[in-house]
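For reference, the structure discussed in these notes is given below.
The values are calculated or read from the model by the stated rules, or taken from the named source; none is laboratory data. Only a predicted model underlies this, so the values are computations on that prediction, with no experimental measurement involved. Cβ: placed from backbone, ideal geometry, glycine included. Neighbour counts: every protein chain shown.
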Amino acid sequence: MREVGPYYETLAAKLVKSGVPILDPIYLELAEVMGSKESKYIPRILAKLATPEQARVIRELPAAPEEISAKLRMDKALVEKHLKEMMEKGLVVITKRGARMVRNTLQLHDSATNNPKYEKLLGEEYLDLWAAYQLEEHFPALIDTLVGVDRGFAYSRIVPRWKSIQNVPGVLPCEDMRDIMKSQEVIALVPCPCKKGFQKRQCGVRDETCINVGRTAMYNLNRGVGRKVTPAEAIAFCDRTDEEPFVHIAINQKTVNMLVCNCHWCCCELILPLLRQNKYPLWKGLAKSRFEATVDSGKCKGCGKCLERCQFGAVQMKEDSVSGLKKAIVDTEKCMGCGCCAVTCPTGARQMKLVRQPDHIPDVGPVVY
Amino acid sequence: MPAFHCPLGAVYYEDEPCIDCGLCQARTAGEMVEASKRMREYIRAQGERKNRRQKMAVCGKGGTGKSTLTALLADALRREGYTLLVMDSDESNPGLPRLLGLDTPSTPLISLLERFSMGDRKPDASWLEAARISLESIPREFIVSAPRMKFLTVGKIIDPFQGCACQMADLARDFVQKIYLGIKEIMLIDMEAGVESFGRGMERGVDMVLPIVEPSFDSLALAEKIRYMAEGIGIPAVQAILNKIPSPEIEQELREELENKQMKVAGGVYLDPQISQAGFSGKKLPDNTDAAAQVKKIAAAILSEQE
């Protein structure tokens, strides 16, 4: 079990001590629709996102603005204004069939923490509520989704840094960031909702790291979140951040059509839940890439850079019995194949090698399994 | 996270169909399971449809405009929301990637043959031995990626001692047969000129043959031969595409001529100076030409044949 730091561990106690405000019962109703009836935090989060009037509008969804207007005896223009604001805040999604409320709190978290337009308005306590909710209630409930017991494969997968595998033959287009980006029609660089939710995190990684593609990018751009980038700019972003401590993660399938996350374990919705439990090993819920790090002990000078780079504790320094010098070795059980160590190894001793077959990555991913 | 994901893309793209699976409206875990069940069944049913035409071979006499029409068709189909795998098996002219607007060349498939003949089948050639190959399981060195399109070339034999061309044809045929296409995925093959490839059975894996016909006696005769050979290997779907038509009168004559030979015509493309210009300078084909509009109609005719 990994801890994320004393501030977050005591957050829940602090928030509870600050007193539970008396909430309009409409928020409990909305929380119930989202499957979070018992949650301590979700009704309070909803109360910050929507006024009671807005909450009543959302409660009527799915329905056309005219119907809501007639039922609540509210001006149609006002209903539409509320729906638009809720769309920008991330509580409502506009589909081909009209507005609907987000499906669950996972979806809400990914959309409701990163719109800069409402950042000041929602304030710091709002983000702290999210952090407490994540650590205390959401992460334990998320394990089953990530591991996918009935599905039989992990929810997401590691994508190696492209420079670490550029000389390896047999790389699939869905594993190389250059190909992933070149096959996109729309790309947006978006503030990462996970990192936004953990404002006092220790990793120091910037907020704007979430590479949205396709429809997800269009969704965020439509509500004023993130900025549009070209494939070349997205690849340049990856190159520029080679030194930063994050790993690329994509949904566990061969097509990349939603996003590529850039994650640090201390704040990531896809890694941290798995590190805070002992039932499953990490790779059950987050698939390793098809690659594995190797060390050329002839080239390794024992500088320990890789030890500091590895997020998963897969590097050990051992004394070489012949030369008596310290050398890095790879713990293959723990190595996730992210390539972070290989791109920053000063002597080029760390190389990635292809160790798994193409069917390691499912054709059809976890959304429709 | 899966947040706003519709597996069919029906949420944001107007041109893609909503099958009413209910995934985007599902609120409870039970509804989610029900909805994904519907989606799964739809995807499976699409995959198993017997009469669909997904692998198309563009062929014809040399110089009739196979590469140009392949590029125009690829663009038209992409605009209809399809994902294309374009395969260049015409070794005589290297212009196709340029017409498609691609810059970086990919490794030709033939490089696998060299390794195969040296007995090296591992580990990066193993993908070719799978029973079915999906678009995403072709390694990146053989592919040029672009939005909604993947491009690959078969390559040609340069060294006289490299071996028999039959081996290459075997590899390409195997490859075409094994490619497994999903919903809204189409493979377009720019064949080499003539009918020689039929002799090697290259088209056996193909569902539809599109002979290009220009106003010349030779080209008409060859189109008929192609139809005959396609039928011989069990491909009933043959649709001719007329190219380089100078006038409506000549189009009428060509159509009548083909009708007499009992050949279906998908449509025609008139002589277009913009297209010739692009072909001459080796640049990407421009979007808003008359030819592009004509090919859009041809694509619609070919797609309606699919149903």
Quiz item: Do we find that A:Gly204 is facing chain B (nearest Cβ under 8 Å), more than 30 Å from A:Thr95 (Cα to Cα) and not β-branched (Val, Ile, Thr) in this structure?
Solution: no
Exercise. Please give the helices (runs of 4 or more DSSP H) falling wholly within the range A:1-106 in which 3 or more residues are modelled with pLDDT of 85 or more, among the hydrophobic types (A, V, I, L, M, F, W, C) and surrounded by 14 or more Cβ atoms within 10 Å (Cβ to Cβ).
Key: A:25-33, A:42-49, A:52-59, A:76-89
Quiz item: Failed condition for A:Ile249, given (1) among the β-branched types (Val, Ile, Thr); (2) in a loop (DSSP other than H, G, I, E, B); (3) surrounded by 22 or more Cβ atoms within 10 Å (Cβ to Cβ), with all others met?
Solution: (2)
Self-check item: Filter result (away from chain B (no Cβ under 14 Å), under 16 Å from A:Ser183 (Cα atoms) and part of a helix (DSSP H, G or I)) within the range A:207-237
Solution: A:Glu233, A:Ala236
Exercise. Go through the range B:191-215 and give me each residue that's at pLDDT below 90 and under 17 Å from B:Gly63 (Cβ atoms).
Key: B:Met191, B:Glu192, B:Ala193, B:Gly194, B:Val195, B:Glu196, B:Ser197
Self-check item: Search result, residues across the range A:330-369 that are buried (at least 16 other Cβ atoms within 10 Å of the Cβ), more than 25 Å from the chain's Cα centre (by Cα) and away from every other protein chain (no Cβ under 14 Å)
Solution: A:Val330, A:Cys345, A:Ala349, A:Arg350, A:Gln351
Practice problem: Among residues belonging to the range A:136-158 that are touching a residue at least 12 places away in the same chain (Cβ under 8 Å) and among the hydrophobic types (A, V, I, L, M, F, W, C), point out the one that is nearest to B:Lys150 (Cα to Cα). | Solution: A:Ile158
Quiz item: Out of all the residues in the range A:159-171, is one or more in contact with a Lys or Arg (Cβ under 6 Å, 6 or more places away or on another chain) and either buried (at least 18 other Cβ atoms within 10 Å of the Cβ) or in contact (Cβ under 8 Å) with a residue 40 or more places away in the chain (or both)?
Solution: yes
Exercise. State which residue is farthest from A:Cys341 (Cα to Cα) when the search covers only the range A:139-152 and only residues that are surrounded by fewer than 18 Cβ atoms within 10 Å (Cβ to Cβ) and not β-branched (Val, Ile, Thr).
Key: A:Asp150
Practice problem: List every residue pair whose Cβ atoms lie under 6 Å apart, where the two residues are 6 or more positions apart in sequence or sit on different chains, the first residue falls within the range A:326-344 and is not assigned by TED's automatic domain parsing to the domain that holds A:Gln166, and the second residue, located anywhere, is of a type in the set (Ser, Thr, Tyr). | Solution: A:Lys327/A:Ser297; A:Gly337/A:Ser289; A:Gly339/A:Ser164; A:Ala342/A:Ser164; A:Val343/A:Ser164
Self-check item: From the options A:Val92, A:Val79, residue that is touching a strand residue (DSSP E or B) at 6+ places or on another chain (Cβ under 6 Å) and of a type outside the set (S, T, N, Q)
Solution: A:Val92
Exercise. With respect to B:Val86, determine if the residue is modelled with pLDDT of 90 or more, among the β-branched types (Val, Ile, Thr) and under 23 Å from B:Gly234 (Cβ atoms).
Key: no
Quiz prompt | Qualifying residue in the range A:40-54 (condition: more than 25 Å from A:Ala141 (Cβ to Cβ) and either within 14 Å of chain B (Cβ to nearest Cβ) or of a type in the set (S, T, N, Q) (or both)) | solution = yes
Quiz item: Out of (1) within 28 Å of the chain's Cα centre (by Cα); (2) farther than 19 Å from A:Tyr133 by Cα, what's the single condition that is false for A:Ile26?
Solution: (1)
Quiz item: Does A:Tyr126 meet the test of being surrounded by 17 or more Cβ atoms within 10 Å (Cβ to Cβ), assigned by TED's automatic domain parsing to the domain that holds A:Glu60, at pLDDT 90 or above and within 18 Å of A:Cys267 (Cβ to Cβ)?
Solution: yes
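Results for (1) outside any helix (DSSP H, G or I); (2) more than 14 Å from chain B (Cβ to nearest Cβ); (3) more than 30 Å from A:Ile235 (Cβ to Cβ); (4) in contact with a helix residue (DSSP H, G or I) (Cβ under 9 Å, 6 or more places away or on another chain), shown as yes or no for each residue.
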{"site": "A:Asn114", "(1), (2), (3), (4)": "yes, no, no, yes"}
{"site": "A:Leu122", "(1), (2), (3), (4)": "no, yes, yes, yes"}
{"site": "A:Glu125", "(1), (2), (3), (4)": "no, yes, yes, yes"}
{"site": "A:Ala131", "(1), (2), (3), (4)": "no, yes, yes, yes"}
{"site": "A:Leu135", "(1), (2), (3), (4)": "no, yes, yes, yes"}
{"site": "A:His138", "(1), (2), (3), (4)": "no, no, yes, yes"}
{"site": "A:Leu142", "(1), (2), (3), (4)": "no, no, yes, yes"}
{"site": "A:Thr145", "(1), (2), (3), (4)": "no, no, yes, yes"}
{"site": "A:Arg157", "(1), (2), (3), (4)": "yes, no, no, yes"}
Quiz item: For A:Thr216, which of the numbered conditions (1) surrounded by fewer than 16 Cβ atoms within 10 Å (Cβ to Cβ); (2) within 17 Å of the chain's Cα centre (by Cα); (3) not acidic (Asp, Glu) fails to hold?
Solution: (1)
Quiz item: Given B:Ala45, B:Ala71, which one is of a type outside the set (D, E, K, R) and modelled with pLDDT of 80 or more?
Solution: B:Ala71
Quiz item: So, of the residues in the range A:238-254 that are closer than 21 Å to A:Glu269 by Cβ and within 14 Å of chain B (Cβ to nearest Cβ), which turns out to be modelled with the lowest pLDDT?
Solution: A:Gln253
Quiz item: Looking at the range A:88-112, which of the residues that are within 23 Å of A:Val4 (Cβ to Cβ) and of a type in the set (A, V, I, L, M) is nearest to the other protein chains (Cβ to nearest Cβ)?
Solution: A:Leu106
Quiz item: Pick from the range A:172-188 the residues that are of a type in the set (Val, Ile, Thr) and farther than 16 Å from B:Phe151 by Cα: which of them is modelled with the highest pLDDT?
Solution: A:Ile187
Self-check item: Evaluation of A:Val16 against (1) in contact with a strand residue (DSSP E or B) (Cβ under 9 Å, 6 or more places away or on another chain); (2) more than 25 Å from A:Arg223 (Cβ to Cβ) (one fails), failing number
Solution: (1)
